[in-house]
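**Student:** Quick one: the structure is below, questions incoming.
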Amino acid sequence: MSALIIGNWKSNGSKETNKLWIKDFFKHIKDDAESISAICPPYVYLNQIVDLCKRSNIKIGSQDIDFSQGARTGSISAKACKDLGCNFSIIGHSERREFFKEDNLDIRKKLICAQDNNLKIVMCIGEPIEVYDSGTTKEFLKKQLIDSIDGLDLFNDFTIAYEPIWAIGSGKLPSSEEINVIHLYIKDIVQSASKNNFTPKVIYGGSVSSKNAEDLFKEDHIDGALIGGASLNGKEFANIANIYINRGH
Ligand code: PEP
């Protein structure tokens with residue numbers, strides 16, 4: 001089962017607060033929701049979290065990987081993440097693109113490297129507000145996708161996270177119907193551009209909370225969620241995963 005409700009803790013957490021999070025999460029999560037849930041703590045806490053979760057079905061991922069290893073001071077390789085017990089890694093998050101100047105081709109290299117190391121991938125794409133306002137979201141996403149996956153064989157539960165940049169941390173998001181249409185479009189593009197005609201799961205990210213989760217998850221092509229702010233609270237995150245498991249389809 002792939003991870004479909006994923007918490008990205010970003011640069012948050014401490015040894016003490018992580019323990020409290022884990023306690024809260026396991027107190028509230030339903031058994032069948034556990035195996036579709038995953039958290040991505042900062043690298044330095046991966047060992048602690050893997051250890052705290054070892055008797056559970058929750059998956060652990062890294063927030064990013066480098067596209068290579070060896071003489072790359074300060075970076076973390078796919079091989080090291082796998083070695084620490086990560087099931088998958090996020091790549092292409094808009095904060096990596098904006099603050100660390102990563103482009104579509106860097107993300108393509110990361111994807112190839114992860115697949116070579118048998119590490120699953122959740123690849124983020126998403127448009128800025130100017131693109132959304134001008135009605136050219138599909139064209140923008142198509143370029144991100146084609147640059148990063150065209151002609152590649154995709155496997156290992158390869159997943160896309162559609163995250164409109166303007167929806168991240170803002171409390172504003174497109175309607176669930178709009179998101180559904182975009183997800184179907186993303187599936188079509190990936191299917192026709194990948195060498196093996198692979199249809200990915202597409203999860204949504206941007207201001208997801210337990211208040212809007214039910215409305216989002218009723219849509220056929222919203223296969224899960226990537227959650228930032230709301231994932232910092234173990235109970236809130238568990239509630240979102242429970243809502244997903246109880247959705248009607
Ligand atoms: C994110 O940054 O990936 C994200 C979805 O953040 P938030 O849930 O806080 O909008």
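The values are calculated or read from the model by the stated rules, or taken from the named source; none is laboratory data. This one's a predicted model, so the numbers in the text were calculated from it and none came from an experiment. Reconstructed Cβ throughout: ideal geometry from the backbone, glycine too, with neighbour counts over all protein chains shown.
**Student:** Being hydroxyl-bearing (Ser, Thr, Tyr) and more than 16 Å from the ligand (Cβ to nearest atom) is the filter here; which residues of segment 190-210 pass it? Lay out the reasoning, then the answer.
**Tutor:** Filtering segment 190-210 for residues hydroxyl-bearing (Ser, Thr, Tyr) gives 192, 194, 199, 204, 207, 209-210.
Once the filter is applied, which keeps residues that are hydroxyl-bearing (Ser, Thr, Tyr) and more than 16 Å from the ligand (Cβ to nearest atom), segment 190-210 yields Ser192, Ser194, Thr199.
**Student:** With the checklist (1) within 16 Å of the ligand (Cβ to nearest atom); (2) buried (at least 17 other Cβ atoms within 10 Å of the Cβ) in hand, flag the one item Glu98 doesn't pass.
**Tutor:** Result: Glu98 passes all but (2).
**Student:** Can I ask one more? Return only the number of the condition from (1) of a type in the set (Val, Ile, Thr); (2) crowded, with 20+ Cβ neighbours inside 10 Å; (3) over 20 Å from Lys235 (Cβ atoms) that Thr73 does not satisfy.
**Tutor:** Against the list (1) of a type in the set (Val, Ile, Thr); (2) crowded, with 20+ Cβ neighbours inside 10 Å; (3) over 20 Å from Lys235 (Cβ atoms), Thr73 comes up short only on (2).
**Student:** Another question, if that's okay. Starting from residues that are assigned to a helix (DSSP H, G or I) and at pLDDT below 95, keep the ones in segment 1-52 and report whichever is farthest from the ligand (Cβ to nearest atom).
**Tutor:** Checking each candidate, the answer is Asp31.
**Student:** Take the conditions over 23 Å from Leu4 (Cα atoms), buried (at least 16 other Cβ atoms within 10 Å of the Cβ), more than 16 Å from the chain's Cα centre (by Cα) and of a type outside the set (S, T, N, Q) and apply them to Phe67. Does it pass?
**Tutor:** Numbers: over 23 Å from Leu4 (Cα atoms): yes; buried (at least 16 other Cβ atoms within 10 Å of the Cβ): yes; more than 16 Å from the chain's Cα centre (by Cα): yes; of a type outside the set (S, T, N, Q): yes.
Spelling it out, Phe67 is indeed over 23 Å from Leu4 (Cα atoms), buried (at least 16 other Cβ atoms within 10 Å of the Cβ), more than 16 Å from the chain's Cα centre (by Cα) and of a type outside the set (S, T, N, Q).
**Student:** Do we find that Val208 is without any contact (Cβ under 8 Å) to a residue 40 or more places away in the chain and surrounded by 20 or more Cβ atoms within 10 Å (Cβ to Cβ) in this structure? Walk me through it before giving the result.
**Tutor:** Working: without any contact (Cβ under 8 Å) to a residue 40 or more places away in the chain: yes; surrounded by 20 or more Cβ atoms within 10 Å (Cβ to Cβ): yes.
It is true that Val208 is without any contact (Cβ under 8 Å) to a residue 40 or more places away in the chain and surrounded by 20 or more Cβ atoms within 10 Å (Cβ to Cβ).
**Student:** Would you tally the residues in segment 211-242 being surrounded by fewer than 20 Cβ atoms within 10 Å (Cβ to Cβ) and either in contact with a Phe, Trp or Tyr (Cβ under 8 Å, 6 or more places away or on another chain) or aromatic (Phe, Trp, Tyr) (or both)?
**Tutor:** Of the residues in segment 211-242, 4 are surrounded by fewer than 20 Cβ atoms within 10 Å (Cβ to Cβ) and either in contact with a Phe, Trp or Tyr (Cβ under 8 Å, 6 or more places away or on another chain) or aromatic (Phe, Trp, Tyr) (or both).
**Student:** Across segment 65-80, which residue is nearest to the ligand (Cβ to nearest atom) among those that are touching a residue at least 12 places away in the same chain (Cβ under 8 Å) and closer than 15 Å to Ile112 by Cβ?
**Tutor:** Just the residues of segment 65-80 that are touching a residue at least 12 places away in the same chain (Cβ under 8 Å), to begin with: 65-68, 76-79.
Checking which are closer than 15 Å to Ile112 by Cβ leaves us with 65-68, 77-79.
Details: Ile65: 16, Asp66: 20, Phe67: 20, Ser68: 24, Ser77: 22, Ala78: 20, Lys79: 25 Å.
By that ranking, first place goes to Ile65.
**Student:** Let me ask something else. I'm checking my understanding of the structure. Among residues of segment 211-239 that are in contact with a strand residue (DSSP E or B) (Cβ under 6 Å, 6 or more places away or on another chain) and more than 19 Å from Val181 (Cβ to Cβ), which one is nearest to the ligand (Cβ to nearest atom)?
**Tutor:** Gly228
**Student:** Sticking with this one: Could you tell me whether segment 169-185 includes any residue that is among the aliphatic types (A, V, I, L, M), closer than 23 Å to Cys113 by Cβ and within 16 Å of the ligand (Cβ to nearest atom)? Before the answer, list the steps.
**Tutor:** Taking segment 169-185 as the starting set, the residues that turn out to be among the aliphatic types (A, V, I, L, M) are 173, 179, 181-182, 184.
Narrowing the set further to residues that are closer than 23 Å to Cys113 by Cβ leaves none.
No, segment 169-185 has no match at all.
**Student:** Looking at (1) within 20 Å of Lys187 (Cα to Cα); (2) of a type in the set (A, V, I, L, M, F, W, C); (3) surrounded by fewer than 16 Cβ atoms within 10 Å (Cβ to Cβ), which is the only condition Ile121 fails?
**Tutor:** Only one criterion in (1) within 20 Å of Lys187 (Cα to Cα); (2) of a type in the set (A, V, I, L, M, F, W, C); (3) surrounded by fewer than 16 Cβ atoms within 10 Å (Cβ to Cβ) is unmet by Ile121, namely (3).
**Student:** Looking at segment 122-131, is at least one residue modelled with pLDDT under 95 and either within 25 Å of Gly234 (Cα to Cα) or not β-branched (Val, Ile, Thr) (or both)?
**Tutor:** Pass one, segment 122-131, residues modelled with pLDDT under 95: none.
Checked against the condition, which is being modelled with pLDDT under 95 and either within 25 Å of Gly234 (Cα to Cα) or not β-branched (Val, Ile, Thr) (or both), segment 122-131 yields no hits at all.
**Student:** Output the residue which, of all residues in segment 124-143 that are surrounded by fewer than 18 Cβ atoms within 10 Å (Cβ to Cβ) and polar (S, T, N, Q), is farthest from Gln48 (Cα to Cα). Spell out the reasoning first.
**Tutor:** Looking only at segment 124-143, we keep the residues that are surrounded by fewer than 18 Cβ atoms within 10 Å (Cβ to Cβ), and these are 128-130, 133-136, 138-140, 142-143.
Checking which are polar (S, T, N, Q) leaves us with 134, 136.
Working: Ser134: 45, Thr136: 43 Å.
By that ranking, first place goes to Ser134.
**Student:** Are any of the residues in segment 139-158 free of Cβ contacts under 8 Å to residues at least 12 places away in the same chain and either more than 16 Å from the ligand (Cβ to nearest atom) or of a type in the set (A, V, I, L, M, F, W, C) (or both)? Don't jump to the end; show me each part of the working.
**Tutor:** Taking segment 139-158 as the starting set, the residues that turn out to be free of Cβ contacts under 8 Å to residues at least 12 places away in the same chain are 139.
If we keep only those that are either more than 16 Å from the ligand (Cβ to nearest atom) or of a type in the set (A, V, I, L, M, F, W, C) (or both) as well, we get 139.
There is at least one residue in segment 139-158 that is free of Cβ contacts under 8 Å to residues at least 12 places away in the same chain and either more than 16 Å from the ligand (Cβ to nearest atom) or of a type in the set (A, V, I, L, M, F, W, C) (or both).
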